[in-house]
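These notes are about the structure you will find just below.
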Amino acid sequence: MPRIPPENTVELRATFTDPATGLVADPTTVRVTLRQAGGVATPYTYGVAGSGVTRISQGVYEKLLAPPPPGTSWFYRWEGDGSVESAIDGEFQIAGSLV
């Protein structure tokens, strides 16, 4: 599990590919769901005001997170629906403070 230094912005990025062609492609709907260990899952959908999900280029999407609290673990799932159906799971941990 990647460990991210405390007080750093977290960059979550996903690249979607069309399973039929293997080429990078845009899904009709892109969503990333985040959950802190033991917490509630929160979905963010591309194109919805305030979601913070950005299209970087064809098939590549990003969500930036304000620095989470030190010592916390997080889980995320990118989902593409419609023209490209795909799911990408991941997790990360925010390192505890050394002070």
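Brief remarks on what is shown
- Within the stretch 45-85, restricting attention to residues that are over 14 Å from the mean Cα position of the chain (by Cα) and β-branched (Val, Ile, Thr), the residue that is farthest from PHE16 (Cα to Cα) is THR72.
- Residues being surrounded by 11 or more Cβ atoms within 10 Å (Cβ to Cβ) and aliphatic (A, V, I, L, M) - total across the stretch 1-22: 4
- Taking the criterion of being within 15 Å of the chain's Cα centre (by Cα) and not β-branched (Val, Ile, Thr), the residues of the stretch 12-26 that qualify are LEU12, ARG13, ALA14, PHE16.
- ASP26 of a type in the set (Asp, Glu), modelled with pLDDT of 95 or more and loosely packed, with under 12 Cβ neighbours inside 10 Å: no
- In the set (1) surrounded by 11 or more Cβ atoms within 10 Å (Cβ to Cβ); (2) more than 14 Å from ILE94 (Cβ to Cβ), the condition left unmet by PHE75 is number (2).
- Criterion violated by PHE92 - all others in (1) touching a Pro at 6+ places or on another chain (Cβ under 9 Å); (2) in a loop (DSSP other than H, G, I, E, B) satisfied: (2)
- Of the residues in the stretch 42-58, none is touching a Phe, Trp or Tyr at 6+ places or on another chain (Cβ under 9 Å), in contact (Cβ under 8 Å) with a residue 40 or more places away in the chain, buried (at least 16 other Cβ atoms within 10 Å of the Cβ) and of a type in the set (Phe, Trp, Tyr).
The values are calculated or read from the model by the stated rules, or taken from the named source; none is laboratory data. In this text the structure is predicted, and so the values were computed from the model without any measurement. Reconstructed Cβ throughout: ideal geometry from the backbone, glycine too, with neighbour counts over all protein chains shown.
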